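Structure record follows, encoded as structure tokens.
None of the figures in this text is laboratory data; all of them are computed from the coordinates on show. Keep in mind that what you see is a predicted model, and the values were worked out from it rather than measured. Cβ sites come from the backbone with ideal geometry, for glycine too, and all protein chains shown count toward neighbours.
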Amino acid sequence: MILTEAMDVPSSGAGGASREADHHAAARLDRVVVTSCELFSRASPRVSLLQCQWGMKGSRLVRLGLLTLPMLLLAVASPLAGRPDIEAGRLGAKLPRAPWRDGAFHNLDPAFHRASNWTRLRFYLLGLTTIASSTHKFVPLPTAVPDVEALRKNHHAPTVTWVGHSTLLVQLDGVNLLTDPAWSERLGPLSGTVGVHRFTPPGIAFEDLPPIDVVLISHDHYDHLDEPTVRRLAGTFNPLFLVPLGIKAWLEARGISNVVELDWSDSVKVRGLEIVCAPAQHGSGRSLTDGGRRLWASWAVIGSKRFYFAGDTGYASHFEMIGHVLGPFDLAALPIGSYTPRIIARPVHMSPEEALQASRDLRASAFIGIHWGTFKLAREPYDEPPRRIAAEVERLQLDPRSVWLPKPGETLDW
Ligand code: ZN
Ligand code: ZN
């Protein structure tokens, strides 16, 4: 998400959690003095035990080290360490893990590069003036009245309800999931004090939600990881947060502890569903200094049916790969907004036409368009994505019954 990236302020999340982890590690190693170990670093499985200083004599230290380090490494390497209630899955094993080098995560495509900082700043400033101008209109989308009682009582039928932007309520096999939940009026630093404004209200009022079991987070940009919303969800439902590497520490620094973080290709079994963390082509960062430190991902939810959530992503070969390994999908939720200006957006955001192609690459039998019509953050006209989707459906002679652009609050069976 381009606009908020340039507005971000430093976050204290990862550093605080690392210090806490250091403290726990020091306690476990008894009299061994550990400094700067970063045992649970921003990318915990890629942990480094370098730079430790030991305050104990040789032989005893070696014995203690031989006994404890393998256990410690095992615990650190497993995304389910300390979670005996959750089982690891295997469905994503053929997917690649996320590339990590020079202190940051990277995309799969070695040729991937974003526009220069100067280009991005120039278009960001231009974008602000465009969005602020009186000719750039945002009109709230018409919303549907959700059948809250039906959603609460439903323990069987697969449904999907668009709340707005990338937030979906997905029901599958009796499990209620939310994707990238954002109920705030404003998104941005300081809990939205600065940031982009919502112009379409949430399709379901927060207080009308059925009990939420699982929350899927795709990445840490402000429009996908909304701090007031995740705090409220944790306080109300204590759901399991499934997040890409690095976001667990951020959540834990805010008192949210029911979190499992995964690398691409990892998966967990939750209440009869297997949920797979899968690649996306994007980036991350909530400030000018933490770019790429936390991973971005898409998610596949596999039960009696198969659901795919793309997060934010450019169009790339990962869709075909995921479709091959985990498809065919019964429903794919793909972003169709924030694709302009193309010089900046193309590597990290799809056009509506690319989103439809991605759906076909995924072998998805139904498509739902998200990431549009909700927040004032795109430079294209707010109602352009659905018009382009309609034109592309006609051009490609696709079955219009399989391409969904529901109203916020509207529930569809899938
Ligand atoms: Zn976004
Ligand atoms: Zn983003």
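Tabulated values for the structure
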{"read-out": "Reachable aspartates and glutamates, given that their alpha-carbon falls under 19 Å from the alpha-carbon of Lys137 and they are not under 8 places away in the same chain", "value": "Glu185, Glu380, Asp383, Glu384"}
{"read-out": "Cleavage-rule hits (trypsin sites (Lys or Arg not before Pro)) in segment 349-381: DSSP loop, at most 11 neighbouring Cβ within 10 angstrom", "value": "none"}
{"read-out": "Charge sum, other residues only, whose C-beta stays under 15 Å from Ser166's C-beta, Lys/Arg counted +1 and Asp/Glu -1", "value": "-4"}
{"read-out": "Asp208/Arg231 FRET efficiency (R0 22 Å; Cβ-Cβ; nearest 0.05)", "value": "0.75"}
{"read-out": "Hits among aspartates and glutamates - C-alpha to C-alpha of Lys94 under 20 Å, sequence gap 8 or more where chains match", "value": "Asp109, Glu261, Asp263, Asp266, Glu274, Glu320, Asp361"}
{"read-out": "Relative contact order [Cα under 8 Å, 6+ residues apart], segment 93-413, whole percent", "value": "21 percent"}
{"read-out": "Over segment 365-410, relative contact order from alpha-carbon pairs under 8 Å, at least 6 apart, %", "value": "61 percent"}
{"read-out": "Prolate/oblate/rounded call for segment 93-413, Cα gyration tensor, a/c under 1.5 rounded", "value": "rounded"}
{"read-out": "Local electrostatic count, Gly311, Cβ distance below 12 Å [Lys/Arg +1, Asp/Glu -1]", "value": "-4"}
{"read-out": "Cα gyration tensor shape of segment 283-414, rounded if a/c is under 1.5, else prolate or oblate by comparing a/b with b/c", "value": "oblate"}
{"read-out": "Separation of the Val325 and Val139 label points, Cα + 7 Å toward Cβ, nm", "value": "4.4 nm"}
{"read-out": "For Pro244, net neighbour charge (Lys/Arg +1, Asp/Glu -1) across residues whose Cβ lies under 10 Å away", "value": "-2"}
